[in-house]
Amino acid sequence: MLNKNTLVLATAILLGSIALGVFYYASQVNKQKSIERQQLVKIEEDKRVEEAEQAETKKQQEDAQVALQDCLDLADTSYSLNWNNECKGQGLKNDCLLPQYNADSAEKSKKIDQDNCFKQFPQK
C-alpha cells in the first residue's frame, strides 16, 4: 500500500510541477509579448514626435525665409522710393541718373536695410 501511495504522490507532484511549469511559461510568453507591444507603441510615438518636430522646424524655416524675403522686398521698395524722391528733389523724372554722391547715399541706405533684414531674420 505504501508503494501505491508513494506512486500516487509522486505522480501528483510530477503533474503539479508540469502544470506550474506550463503556467509559468505561458505567463513569461505573455509578459514578453506585452513588453514587445509597449516597445512598438513607444517607437511609433517617438516617430510621430520626431516627424512633428521636423515639420515644425521646416515650417519655422519657411516662415523665416518668407519674412526675410518680405523684408528684402521692402528694402528694395524703400530704395526705389528714396531714389525717385532724390530725382524729384532735383527736378528730374523717376529712375533718373543721380549724381554719384546721391546714388552712393541711396545704395548705402539700401545695403543697411538689407543687412538689418539678415540680422532680423537669420537663416539656418
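I'd like the residue in the range 45-82 that is touching a residue at least 12 places away in the same chain (Cβ under 8 Å) and small (G, A, S) and, out of all such residues, is surrounded by the most Cβ atoms within 10 Å (Cβ to Cβ).
Within the range 45-82, the first condition is being touching a residue at least 12 places away in the same chain (Cβ under 8 Å), and the residues that meet it are 61, 64-65, 67-68, 71-72, 74-76, 78-79, 82.
In the following step, the residues that additionally are small (G, A, S) were identified as 64, 67, 75, 78.
On the way: A64: 15, A67: 13, A75: 19, S78: 14.
Looking at residues that are touching a residue at least 12 places away in the same chain (Cβ under 8 Å) and small (G, A, S), I get A75.
Per the conditions (1) surrounded by 11 or more Cβ atoms within 10 Å (Cβ to Cβ); (2) under 21 Å from Q61 (Cβ atoms); (3) charged (D, E, K, R), the sole criterion not satisfied by D104 is (2).
Since every read-out is calculated from the coordinates, none of them should be taken as a lab result. Quick caveat, the model's predicted, so the values are computed rather than measured. Quick reminder, even Gly has a Cβ in these numbers, built from the backbone with ideal geometry, and neighbours come from all protein chains shown.
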